[in-house]
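What follows draws every value from the coordinates through simple rules; no lab data is involved. Everything numeric here is computed off the predicted structure, so don't read it as measured data. All Cβ positions, glycine included, derive from the backbone under ideal geometry; neighbour counts span all protein chains shown.
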Amino acid sequence: MSSLLNVLARQVRLTLKRIPITLLAMIFVILVCLSLAFIDGWRSWTARNIQLHEMGISTSNMTRAIAQHASDTIKAADTTLVGLVERVQAEGTGPRELSRLHALLVARVGELPQLQGLFVYDENGRWLANALPVTPTNVNNSDRDYFIYHRTHRDPKPYIGLPIRSRSTGVWIITVSRRINHADGSFAGVALATLSIDYFAKFYDSFDIGRHGAIVLALNNGIMLTRRPLLNDYTGKSMANTVLYRDSISKKAADTVFIVSAQDGVTRLNSFRHLDEYPLYVSSALSKDEILADWLTDTYVHTAGVAMLLVVLGTLASHAWTCRSGFAETDI
């Protein structure tokens, strides 16, 4: 075996001696060029994956912050409703009690910037008390979905209804409500808190989501409550048929996925999270092209630099080979 190896080594040395030094140099240059191209390609691909991974973490953290904000906003309103329901059920709705209740509602709306209004309705939908300076007359809310829900459900938990236009202000609002009972447990009315969509919009505007990003607050059934950017026909729109909702949101508590939008064809990195205490979810999305814009610029610069280096090496190698060929012809 040792002798065979020695023979092979000797044969390799003899073969290398027969190969012109310029050819070996040319082979070396080619290998160097291929190595540089491979290393630059690997570096670029790794940088791309790192960029996507870091932005996935960033988007997930942004979604977590948005979910916490939504939960805290609704929690503050719901806590007010709990006290309001207990007060109405304990003290009743006489003229004196309603006068004190009106003062309380006005004070609470002034303390909580997210509140657009607070209202109390009787079992027929008539307005008993509110936080408005003057109570409108001949107004009835028995046709609202939150009122119908509480009238037909004994569920003591808060109900977050469909987005609606306020009858008192005309603006889009999100409703949070609780059932009020008589002493015997029968339906006695509804306590309602309305949240301003502008309050959420101002908070969402504080995030940098690029030109093609989006932030969504929606019910678990896919009904959109608000969105950034807020489009006229999106409030109250169902997202149940979208790929994101059908394949991910309806099946998982939280996740981050790439989805091609069926509306504009933009590929976005979508991160969503369901709220723990309320039947809502939030979603934030960033355009994949915008995420990779800086990486793409950096890749172009590095690729141009490597290409110039390869051209220089190739030119030098070609010149050396030409000179070698000229010398060989002279020798002949």
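Taking the average, over residues, of other Cβ atoms within 10 Å as the packing measure, peptides 42-52, 102-112 rank 102-112, 42-52 from highest down. Residues whose amide H comes within less than 5 Å of that of Leu128, counting only those at least five positions distant or on another chain, are Val120, Tyr121, Asp122 (H built at 1.01 Å from N in the peptide plane).
A cut-off of 5 Å between modelled amide H atoms, ignoring neighbours fewer than 5 places along the same chain, links Ile223 with Met239.
For Ile180, the residues whose modelled amide H falls within less than 5 Å of its own, excluding neighbours fewer than 5 places apart on the same chain, are Ala188, Gly189, Val190, Ala191.
Round to the nearest 0.05 the FRET efficiency obtained for Phe38 and Ser58 when R0 = 35 Å and r is the Cβ-Cβ distance. Numbers along the way, then the final one.
On the way: r = 30 Å, r/R0 = 0.87.
With R0 = 35 Å, the Cβ-Cβ based efficiency is 0.70.
Using θ = phi - 60° in the Karplus curve 6.51 cos²θ - 1.76 cosθ + 1.60, the 3J(HN,Hα) couplings for the stretch 182-198 round to 6, 4, 8, x, 6, 5, 10, x, 9, 9, 10, 10, 10, 9, 6, 5, 4 Hz; x is entered for Gly and Pro.
Bridgeable lysines around Lys237 (alpha carbons under 17 Å apart, same-chain partners fewer than 8 residues away excluded) are absent. Our estimate of slack between Arg167 and Leu31, defined as 0.36 nm per intervening residue step minus the Cα-Cα distance, is 41.3 nm.
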